Amino acid sequence: MPKPAGFRFYHTHVVAGGDLNRGTYTGQAGPVYIEPANNPGAYDRQVFLVLKEFEPSFSSGGDMAMEMLAGAPIKELQEIGKKAEEKFKGPKGYEVGYELFGINGKILGHGEPMRVRQGERVLFHVLNASAGEIRSLALPGHVFHVVALDGNPVPSPGDVPVLWLGTAERISAIVEMNRPGVWVLGDLADDDRGHGMGVVVEYAGAKGKPQWSKPKPFKWDYTHFGKTNAAPPSPDETIEITIEKQNGALDGFNQWTLNGEAFSMETMKPMYSVREGRRYRLKFRNASDDIHPLHLHRHSFELVRAGGKSTAGVLKDVVMVGGFQEVEFDFVADNPGMTLFHCHQQLHMDFGFMALFNYA
């Protein structure tokens, strides 16, 4: 029997480096959904949305800093980042931009609209299959009732006006169709939406041009979906890892280090040893201004702290850590074998942002 149940993600893991025709830039990715044995079915239908970009190219000097995550920058991490920037004084490294965007392989305005009926409850399963973009999604006049993150039901389902997804993250959310009209379900970024990142939602009997209006500013907060007045079990061991960026250090590409060490395919380091059955707390301190979607293979983890707030019960396999912020999560070493950890942005992973966990 396939497991674990829920909304999963398959994708290539080829190292792309400076070749934009390899790796997740190619679009070799897609959703996998394993139906839970006990599904209450509190919706009328399910719709899968795969968010993807096309026609990548390199640009120089760009920054990926974004302020959509809850929490505030930590001064100590800003100081570490400042020292790293002073040490590597050259121009900022390459970033990747895209010409076109699409949902389920279609750019906004092409293909059939999503046709709905008033009163219908639609369960959206949203996958950010990007090679390196953080995505948002909003439907004017509607709210998303988040019921699962990365395929795992959340302890406290909640309503949000906007979904934010780091690379490889998945959100399952129910939308009650109670605002008849013709709407654009799309990204908050006008440029990306204008170049395709959206889909038309059309109510039965509604006519006219698809409407878009931007929702009020909203901070994405994982702890909103966690248990209230609860704490996770104490870990057997805590591993603290500081993330740093070395601007343009590798032939114009940024190099990423974990506790001062960039991952090497030759030495297979950095590597951390774990013992089966023990509970490990990973504390990541991000001394860069980038948001990083952190991913641990072969395990789910429980969020312990995000955006400066404690939480429990939120199980994921990818989590974003904000610029100059911290995130903590626990995993139980219950799946023996070599386990890869990495940032899910292809450009970061290819240039040092990886580590291995080895069962002793």
Neighbours by Cβ (under 9 Å, 6+ apart or cross-chain): first from segment 153-180, on the phi > 0 side of the Ramachandran plot; second open to solvent by less than 50 Å² (accessible area, probe 1.4 Å) and polar (S, T, N, Q): Ala168/Thr24; Ala168/Asn128; Ala168/Ser130
Out of Phe218, Phe253, Phe225, sole residue that is buried (at least 20 other Cβ atoms within 10 Å of the Cβ) and more than 30 Å from Tyr280 (Cα to Cα): Phe253
From Gly102, Gly111, residue being open to solvent by 10 Å² or more (accessible area, probe 1.4 Å) and either within 26 Å of Lys52 (Cβ to Cβ) or assigned to a loop (DSSP other than H, G, I, E, B) (or both): Gly111
Residue within segment 59-79 that is in contact with a helix residue (DSSP H, G or I) (Cβ under 6 Å, 6 or more places away or on another chain), under 14 Å from Glu133 (Cβ atoms) and either outside any loop (DSSP other than H, G, I, E, B) or open to solvent by 70 Å² or more (accessible area, probe 1.4 Å) (or both) present: no
Matching residues, segment 172-183, being over 13 Å from Ala206 (Cβ atoms) and open to solvent by less than 20 Å² (accessible area, probe 1.4 Å): Ser172, Ala173, Ile174, Val175
Pair list, Cβ under 7 Å, 6 or more apart: segment 102-115 residue touching a residue at least 60 places away in the same chain (Cβ under 8 Å), other residue among the basic types (Lys, Arg) and open to solvent by less than 50 Å² (accessible area, probe 1.4 Å): Gly102/Lys52; Leu108/Arg193
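Filter segment 314-332 for residues that are in contact with a His (Cβ under 8 Å, 6 or more places away or on another chain) and open to solvent by less than 10 Å² (accessible area, probe 1.4 Å); which is farthest from Gly132 (Cα to Cα)?
Keep residues of segment 314-332 that are in contact with a His (Cβ under 8 Å, 6 or more places away or on another chain), which gives 317-318, 320-321, 331-332.
Those still in the list that are open to solvent by less than 10 Å² (accessible area, probe 1.4 Å) too: 318, 320-321, 331.
On the way: Val318: 13, Met320: 12, Val321: 14, Phe331: 25 Å.
Per the stated criteria, the residue is Phe331.
Considering only residues that are part of a strand (DSSP E or B) and of a type outside the set (Val, Ile, Thr), look in segment 80-99 and name the one that is surrounded by the fewest Cβ atoms within 10 Å (Cβ to Cβ).
Here the answer is Glu99.
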Selection count where residues are farther than 23 Å from Lys216 by Cα and outside any strand (DSSP E or B), scope segment 143-159: 2
So Glu240, is it among the acidic types (Asp, Glu), touching a residue at least 60 places away in the same chain (Cβ under 8 Å) and either outside any loop (DSSP other than H, G, I, E, B) or open to solvent by less than 60 Å² (accessible area, probe 1.4 Å) (or both): no
Matching residues in segment 333-360 - criterion: being within 28 Å of Glu76 (Cβ to Cβ), crowded, with 20+ Cβ neighbours inside 10 Å and not aromatic (Phe, Trp, Tyr): His342, Cys343, His344, Gln345, Leu347, His348, Met349, Gly352, Met354, Ala355
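The values are calculated or read from the model by the stated rules, or taken from the named source; none is laboratory data. Quantities reported herein were computed from a predicted structural model and do not represent experimental measurements. Note: ideal-geometry Cβ built from the backbone for every residue, glycine included; neighbour counts use all protein chains shown. To get the accessible areas, we keep the full protein, side chains included, count just its heavy atoms, and leave off ligands, DNA and RNA. Shrake-Rupley method; radii C 1.70, N 1.55, O 1.52, S 1.80 Å.
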